[in-house]
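Right, one structure below, let's go through it.
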There are 4 protein chains.
Amino acid sequence: MTKVAVLGATGMVGQRFVQLLENHPWFETVCLAASDASKGKQYGPAGNWVLDTEMPEFAGGMAVSGCTAKEVADSGAELAFSALPSDVALRVEKELAAAGIGVVSKAAAHRMDADVPLLIPEVNPEHIGLIEAQRQNRNWAGFISSDPNCSTCQLALALKPLQQFGPQQIIVTTMQAVSGAGFPGVPSLAIQNNAIPFINGEEEKMEMELAKMLGTLENGAVRHANMEVIASCNRVNTQEGHLESVAIEFADRPSLADIAQALEQFRGAPQQLGLPTAPTQPIVVRAEPDRPQPRKDWSAGNGMSVTVGRLRQKGSYTLFSCLASNTIRGAAGNGILHAELLHKRGYI
Amino acid sequence: MTKVAVLGATGMVGQRFVQLLENHPWFETVCLAASDASKGKQYGPAGNWVLDTEMPEFAGGMAVSGCTAKEVADSGAELAFSALPSDVALRVEKELAAAGIGVVSKAAAHRMDADVPLLIPEVNPEHIGLIEAQRQNRNWAGFISSDPNCSTCQLALALKPLQQFGPQQIIVTTMQAVSGAGFPGVPSLAIQNNAIPFINGEEEKMEMELAKMLGTLENGAVRHANMEVIASCNRVNTQEGHLESVAIEFADRPSLADIAQALEQFRGAPQQLGLPTAPTQPIVVRAEPDRPQPRKDWSAGNGMSVTVGRLRQKGSYTLFSCLASNTIRGAAGNGILHAELLHKRGYI
Amino acid sequence: MTKVAVLGATGMVGQRFVQLLENHPWFETVCLAASDASKGKQYGPAGNWVLDTEMPEFAGGMAVSGCTAKEVADSGAELAFSALPSDVALRVEKELAAAGIGVVSKAAAHRMDADVPLLIPEVNPEHIGLIEAQRQNRNWAGFISSDPNCSTCQLALALKPLQQFGPQQIIVTTMQAVSGAGFPGVPSLAIQNNAIPFINGEEEKMEMELAKMLGTLENGAVRHANMEVIASCNRVNTQEGHLESVAIEFADRPSLADIAQALEQFRGAPQQLGLPTAPTQPIVVRAEPDRPQPRKDWSAGNGMSVTVGRLRQKGSYTLFSCLASNTIRGAAGNGILHAELLHKRGYI
Amino acid sequence: MTKVAVLGATGMVGQRFVQLLENHPWFETVCLAASDASKGKQYGPAGNWVLDTEMPEFAGGMAVSGCTAKEVADSGAELAFSALPSDVALRVEKELAAAGIGVVSKAAAHRMDADVPLLIPEVNPEHIGLIEAQRQNRNWAGFISSDPNCSTCQLALALKPLQQFGPQQIIVTTMQAVSGAGFPGVPSLAIQNNAIPFINGEEEKMEMELAKMLGTLENGAVRHANMEVIASCNRVNTQEGHLESVAIEFADRPSLADIAQALEQFRGAPQQLGLPTAPTQPIVVRAEPDRPQPRKDWSAGNGMSVTVGRLRQKGSYTLFSCLASNTIRGAAGNGILHAELLHKRGYI
């Protein structure tokens, strides 16, 4: 068993990590780290558990650790899942990597660094190779490997098998769940009976991160994909599962049948390697006229599958709606699958 | 005072008509008509009032009439506001028009008929001229003039002052309120903590109706506007106010300042004529990063103004969000303004 | 395997029956019956599936049957779970019983009949004995045995182990979920951002049914329990899990510790008999200050356990909050457990 | 015009004060005070306006003041409306009173002090007399007069005209809106599709404050009313308007007609004095079976009236539901009416 830590363990995404790490076949959670406010307390009371399922038994009695490299290393953890706020991540994650710990980070802090992989195991497993350069550049025994933004992750996954058709322009409008803002996150008074056409920084993240993840590794660096991405991000009053309306113009004008087949038959490295957290089918295509829906489809593939529906054409555009769990595939679940790939490839 | 009837008076839109007709300076409501199930009952109990404000006093004690031409004509009504279901409207509205009654209809039944105006008073007041041809074609003493679909109405209004810049492609994703489906409409079990990426027939309506309303009257017929409209319609859990994310490619590439100015300074026939229901400012532009929001902006201009926000550019596209009350500007309020224009122009 | 039918299979509770009967170890579903509107269609399309989980595979392709005794008997079903509307149940259920079919009914139609058991297997299993009298009275080869109202069921279960302390007055205020009204049920426009202090007939049901279920079987008849029940029923905007605030005055003034122990240690016939659908612990007591909560506790014991929290005393009253799934323990789940008891006792 | 300050002006209740003070005929707002984080900024940006209506024009450009007695006194304010957090109020309000400023406080800090009025102008206007004792005891030129807790305020108002019938036991279950917790207050993730059977300290406040407000002023002190109050407080997912289910046992067993008449005909000091913020009818009784409802009734009497419905009897108990706006009658509106009474009586 590889010993792992969760940083930011008391937050929303941290709790998802704790939940998904229960009974993991390869990883043993030895350290739950959080801010100084919680440090030293038992995780049970400190964790302010917000998920609907019960807190895993292993976690409740663990003492919350601080987030310094020393404290994490002292726990014996070789790998740290980071759900830290970006400003804290910027400071802490480098220290951990320097101290020989592998960091799989959900924070935005290092996502666009040229030598940091921004990884979805089904989409760009080869980007893992950036770690070599990173270690050399930064003289680190450990490493940092980033998870993408939640609304970007599901779209990148849906686009991967369609890249062969030459996507040139992608216009996406998101309807994002409140869990994407963490806990306490969005006040009920702000979002009940309402929708908010703005999420700070989200559109820029979608536009930049998609290009990096769909880019190619060439000579040890990522060449970003060349396509126009135009995002409009909205918050709606759902709890889990970002719904996205997508319009794509492809160079090759594939038929709807070609697209549906490419989506359904897509399998990536996690499926080929049989990674424990890999969904059997990364992309589920639904034929009903009114799917995907957040409440019905967020948990497809245990929250690891993207559901695509309403596939249709209009003029030169291919249109569809897509949805995945933003806290599982869009955060902690992708992070764990990501770590499983790193483990399989010998990075940890 | 012109005597008016409301057809479909017990439904959601019918109730808005009743609400807005209270104390109208030109129109006196003499007939509340509904299906046979309610006929003969008092409107108060039969109406199953769902609006948050109290039912107007004048309405509660009126006896509900049937919807036949004879019954409506017997009430003395010269004008009928129709909020009938489309299949009923298809049958009833022609009879009324033949019987000499002017029908302002919210039903989809006749919207795309070549000789029926599809009217937003600020957008295409000149289309009213189709009524001459209609009367001749159909040998009617009365007429039918249609109101557009709710999600289309607000977008057409926002586009009108931008038509000068040559819109070529319009990609719109809607987040529509449940009141758009009437009452009882959307079950709480279907939409709570959910969003539904489909509204039957809505995308087609947006695509067809926009082109007609933004078209030009030439030789007594409407030449539809030549532009590509791509709509994706979603239901979200809000009560009132459809939010729309819009991306437009203009031939003339206007600056954001030009666009903002055109929107803010736009005034149409209702403002010039001082019609009673006309909002002072048909389009309100907000500079805050997170507006328009349904709960905060649906009632702008007493529900008759469209709010536009998040104006920005990305590549060759101009992006914005827009919102208006779907049951006032998008239904009954536009219908009454529409009737005021007809009255001013001598059609009733 | 005992062959069973579901009557009213396309409704909300009917769907829960279908869901819970998948892979049942004793019961094989051979008939899905519904109104004439669905008759003859495949259940998949006709069923208009509203539950968040996928429809069980066995059901999708079955042809929907009519609800007559002949049609149900022809399917080979020995037992019918009825989720029919009460007026239909009143007509149909007797025919089935006369035709030799056992009916476990969720309908209110026969609940208060003196010779019909109103059954919660943990609460009053001995009431099953009424079936003898019923068969004799009515000359039936089959029988009718009723499930209680959903808000009553969970309260009766919580009260059972406290009956030893002599409850004299029970004042209960409910906050009931929209699924209690079926599908389509409560319109979003009616309940969003709202609460409704009235559910037609609900308070009377709670007051009457509690007394019957907590009554004793004496000489082949139920002597109703002697206690005052005062109910105020409210609809709130939750999907599943009725929350109830309860104040009870006990003759014996038990301590909170006595009450907590009685609740937690309570086990009934289903637990003793090891019935397949029996929860290990019928009543879960939570010590946190803010439980039970609908979203967190509705699925306790797979929806078959009642959660009790906020146990406290004030003056001569014992106070607590309780909650259970209204469509599982409060409807289909209790019905199946009920049938398991009947099966074990040889009635089917 | 009397110059007034609002303390805690950037919070939820503070914003209601600012909203309701716009164009007040007697009070001129000269000081908007908040915590050091906002001090010196313009109120517009600092205020983070959350109400659905637009921020009053007068407020947007005012500089936010600190909350010290010196800063408030320097503004010229003679009266301060305090919407401060209780711990801050405990420190600040005494300084203001000592400095000669009258404080009408929404904070819980001083509500139960024996020489501080806890005032609802229609309920216990004579308690204002405590101010004499207070000034003498504390050697203050100013004073502190408290507003009650929001869920208590509406119940006290509904009970006032019923006190003549000898209420002995009051059992109340509340369903409270999220605005009662301020802003940001309750996270959407906590309350969406949920209800929470606990609000910290609320039940104790209801039990204590009711007895004080319904008590009698005897020899310069309040003798608390002698009645048992048992409260169970729940948070539900509504925005405004606490709904309460109430069961009362009266010594005199009044008829429902007597009760309805007493409620409807009740008028208090504000109505008799014609205070500007006084509702015409403090208590509105509705005969419909399903009222009051938060969304439909919260704004009765501009948010200053309590709506009572579902009046009925069961055993020895009189039952009803009541509701009022928790941020207007339950907070800022009562505070302003309270100040109007103080003004009329010469205290400011």
Quick check: with the 1.4 Å probe, what order do D:Ser146, B:Ser75 take by accessible area, largest first?
B:Ser75, D:Ser146
Could you tell me the relative contact order of segment A:150-325? Use alpha-carbon pairs under 8 Å, at least six residues apart, and round to a whole percent.
27 percent
Looking at the protein assembly as shown, what % of the alpha carbon pairs are farther apart than 50 Å?
37 percent
Points 7 angstrom from Cα along the Cβ direction at C:Met1 and C:Ala99: gap in nanometres?
2.2 nm
Extension length gain for A:Ala63 and A:Asp252 (0.36 nm per residue less Cα distance), in nm, is 62.4 nm
Please report the spacing between the Cα centers of segment C:183-225 and segment B:15-74 in Å, no decimals.
36 Å
Counting pairs of Cα atoms in segment A:1-140, how many percent are more than 24 Å apart?
28 percent
Calculate the length of the line joining the C-alpha centroid of segment B:261-295 to that of segment B:75-148, in whole Å.
26 Å
Proximal lysines to B:Lys3, defined as alpha-carbon separation beneath 27 angstrom and excluding residues fewer than eight positions away on the same chain:
B:Lys39, B:Lys41, B:Lys70, B:Lys94, B:Lys106, B:Lys344
Accessible surface of D:Arg286 - all protein chains present, 1.4 Å probe, nearest 10 Å²:
40 Å²
With Cα coordinates, the longest principal axis of chain A makes an angle with the long axis of helix A:12-21, in degrees rounded to 10, of 80 degrees
Two-decimal Rg to Rh for segment A:264-311 - Kirkwood Rh, Cα set:
1.01
Compute a Gaussian network model of chain A, connecting alpha carbons closer than 10 Å, and tell me which residue from A:Ile230, A:Ile120, A:Ile336 fluctuates the most.
A:Ile230
So, in segment A:150-325, how many Lys pairs have Cα atoms under 25 Å apart, if the pair is 8 or more places apart or on different chains?
4
For chain B, convex hull volume per residue from C-alpha positions, Å³
124 Å³
Please tell me the relative contact order of chain D in percent, rounded to the nearest whole number, where contacts are Cα pairs under 8 Å and at least six residues apart.
17 percent
Average beta-carbon neighbours from other chains, 10 Å sphere, peptide A:172-182:
4
If only Cα atoms are counted, what is the Rg of segment A:186-278, and what is its Dmax, in Å?
17.6, 51
Solvent exposure ordering (accessible area, 1.4 Å, most first) of D:Met206, B:Met112
B:Met112, D:Met206
Only sites in a loop by DSSP and with at most 16 other Cβ atoms within 10 Å count here; which GluC sites (Glu not before Pro) in segment C:1-76 make the cut?
C:Glu22, C:Glu54
Relative to the isolated chain, which residues of segment A:211-260 have their accessible area cut by 20 Å² or more in the presence of all protein chains (1.4 Å probe, heavy atoms, no ligands or nucleic acids)?
A:Glu228, A:Ile230, A:Ser232, A:Asn234, A:Val236, A:Asn237, A:Thr238, A:Gln239, A:Leu243, A:Ser245
Probe 1.4 Å, heavy atoms of protein chains only: per residue, the accessible area of segment D:150-325 in Å² is 31 Å²
Counting sequence-distant residues (5 or more places) and residues on other chains, those with an amide H built under 5 Å from that of D:His242 are D:Ala177, D:Ala324, D:Asn326
Let me know the volume per residue of the alpha-carbon convex hull for segment D:104-230, in Å³.
113 Å³
For segment B:85-167 (alpha-carbon point model, no solvent) the Debye-based log₁₀ I(q)/I(0) at q = 0.11, 0.13, 0.21, 0.27 Å⁻¹ works out to -0.31, -0.43, -0.94, -1.32
Treat every Asp and Glu Cβ in segment B:125-253 as -1 and every Lys and Arg Cβ as +1, leave all other atoms uncharged, and give the resulting dipole magnitude about the Cα centre to the nearest 20 debye.
220 debye
Write down Rg/Rh for segment A:150-325, rounded to two decimals, with Rg from the C-alpha atoms and Rh from the Kirkwood relation over Cα pairs.
0.96
Using +1 at the C-beta of Lys and Arg and -1 at the C-beta of Asp and Glu, which of B:Pro148, B:Ile328, B:Val104 has the Cα lying farthest in the positive direction of the dipole of chain B?
B:Ile328
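The values are calculated or read from the model by the stated rules, or taken from the named source; none is laboratory data. Treat the numbers as computed from the prediction; the structure is a model and nothing was measured. Ideal geometry is used to build each Cβ from the backbone, glycine not excepted, and the neighbour counts take in all protein chains shown. Note: areas computed on protein heavy atoms with side chains; ligands, DNA, RNA excluded. Shrake-Rupley method; radii C 1.70, N 1.55, O 1.52, S 1.80 Å.
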